[in-house]
Amino acid sequence: MRRRVIGIGETVLDILFKNDQPQKAVPGGSTFNSIVSLGRAGISCAMVTEAGDDHIGDIICRFLHENGVSADFVCRHKNVKSHISLAFLDDKNDAQYVFYKDHASVSLDGPLPEIQPDDIILFGSFFAINPAIRPVVGTLLHEARKAGAWLYYDVNFRKPHIADLPQVMTNIEENMQLSDVVRGSTEDFAYLYGLHDGEAIYNKVKSFCNTLILTDGAHPIRIFTPSGCETYPVQPIETVSTVGAGDNFNAGYIYALLQGKNDQAERIAMAQRWSQDVCRQIGNNISDDLVARLRV
C-alpha cells in the first residue's frame, strides 16, 4: 500500500486580485493547497475539512477529485455558506487577505479517516487550534500519534487571532508536542511568544518537539535539531504571486520525504522548488510543467 498523506485544515474559495481587479478564483486554504499539490504529483491524499452544502462546496469537492485527492472526509453542512477569501496582491506580489467566514460556526461531524502507521498527517493554521472543533481535531491527532503516523505541523499563526491566544495556546503547544516536525516563521513566533531570535525560538519549541523548520521570508531557512542548526539560503526569484508559497514548501518537503530523501538539504531543495514554482503563477498549486517533470 502506498503511503497516504492526510491533510487537516480549512477550505475557502480564494479570489485573487491584482490592481483591484479579480484575476482568478480557486479553492484554497493552507493545508488544502499543500494536499492538492501532493495529489497532483501522484501522492495518495485525503483532506479532512468542512464546507457548505452550496455551489462553492461543490466546486471544492470537484477540485479535490480532479487533482487526485479523496473528498470522503469533507464535512458538508446544509444551510451553511462555504468560506471565501479575497487576496489582494501588492506591488511585491505579496497578498493581503480579507476573509468572509465564521470560525465559531465551523464543525466536524462527518466521517473521519482511520489512521494507519505509515500515514503522514499535515495540519496547521487556526483550523488546527479552533476551540469549536478542538475535541474532534485533538482526538484525531492523538489517534495518529498512537497509530505511529508521522506528523508535520505548520503553525501559520496570524495577527488577527492574537486576541484568541489565551484560549488556544494550550492547543498550539499540544500540537507541537504531538508532531515530528514543526514548521513556523519568525513572524509566527513573534506573535506567539514575542521572540525573534532563532535560537531563542528553538529553545522554546524544543520542549515540545525536537525538529523545527524556521522560515524568515527572503532570509535563510534554518532547521534546528538537538544536533545543532543547519542553514539553507533562499533562492531569489521573480514572483507573480506569493499565495501558496509556504503551503507548497510544506508539500515539497513531504514529497521529498516520500521519495526516500533522508538528507535535509535534499528535502529543503525540493521544498524550495515547489514553493518557487507556485510563486511564478497566479494560483495555489504546483504547475502542470512541474507535475510533468516529477513524473518523468
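Extending each Cα 7 Å along its Cβ direction at TYR100 and TYR193, get the distance between those two points in nm, one decimal.
Once both label points are built, they end up 3.9 nm from each other.
Volume per residue, Å³, of the convex hull around the alpha-carbon atoms of the range 1-40?
Details: hull volume 2.8 nm³, N = 40.
That works out to 70 Å³ per residue.
Scale the Cα Rg of the range 177-296 by the rule-of-thumb value 2.2 N^0.38 Å and send over the ratio, two decimals.
In units of the 2.2 N^0.38 Å rule of thumb, it is 1.08.
Just how many % of Cα pairs in the chain lie over 26 Å apart, if you round to the nearest whole percent? Each step should come with its number before you reach the end.
Values: 17522 of 43660 pairs.
The share of Cα pairs beyond 26 Å in the chain comes to 40 percent.
In whole Hz, with x marking every Gly and Pro, tabulate ³J(HN,Hα) for the range 203-210 from phi via Karplus 6.51 cos²θ - 1.76 cosθ + 1.60, θ = phi - 60°.
Computed from phi, the couplings for the range 203-210 are 4, 6, 5, 5, 6, 10, 9, 6 Hz.
Which one, SER227, PHE189, GLY283, projects farthest toward the positive side of the charge dipole computed for the range 174-293 from Cβ point charges (K/R +1, D/E -1)?
SER227
Label point 7 Å out from HIS219 along Cα-to-Cβ: which residues of the range 229-262 have amide N under 18 Å?
229-236, 246
Accessible area per residue for the chain in Å², computed with a 1.4 Å probe and the full protein assembly in place, what is it?
Values: 13090 Å² over 296 residues.
Per residue, the chain has an accessible area of 44 Å².
Quick one: grab Rg to one decimal and Dmax as a whole number for the range 88-151, Cα atoms only, in Å.
15.7, 47
Across all directions of projection, what mean area in square nanometres is found for the Cα convex hull of the range 121-232? Walk me through the numbers before you get to the answer.
Working: hull surface 27.6 nm².
Computed as one quarter of the Cα hull surface, the answer is 6.9 nm².
What are the principal axis extents of the Cα atoms in the range 172-224, in Å, biggest first?
So the three principal-axis extents are 29, 20, 15 Å.
So if I place +1 on the C-beta of Lys and Arg and -1 on the C-beta of Asp and Glu, and nothing else carries charge, what would the dipole magnitude of the range 181-296 be about its Cα centre? I want it in debye, nearest 20.
For the range 181-296, the charge dipole is close to 300 debye.
Mind putting a number on the dipole of the chain about its Cα centre? Charges go on the C-beta only, +1 for Lys and Arg and -1 for Asp and Glu, and I need it in Debye to the nearest 20.
Details: 27 positive and 36 negative charges, 86 e Å.
Around 420 debye, computed over the chain.
Hey, what's the per residue convex hull volume over the C-alpha atoms of the range 1-152, in cubic angstrom? Numbers along the way, then the final one.
Numbers: hull volume 17.2 nm³, N = 152.
Convex hull volume per residue, Cα atoms: 113 Å³.
Carbon and sulfur atoms: what percent of the 1.4 Å accessible area of the range 45-100 do they account for?
Numbers: 1500 of 2900 Å².
Looking at the range 45-100 in its full context, I get 52 percent from C and S.
How much of the accessible area of the range 178-235, probe 1.4 Å, is carbon plus sulfur, in whole percent? Could you put the intermediate results ahead of the total?
Values: 1270 of 2610 Å².
C and S atoms contribute 49 percent here.
The values are calculated or read from the model by the stated rules, or taken from the named source; none is laboratory data. None of the values given here were measured: they were computed from a predicted structure. Because the Cβ atoms are built from the backbone with ideal geometry, glycine has one as well, and the counts that use them run over all protein chains shown. The area values use the complete protein model at the heavy-atom level, side chains included, leaving out ligands, DNA and RNA. Shrake-Rupley method; radii C 1.70, N 1.55, O 1.52, S 1.80 Å.
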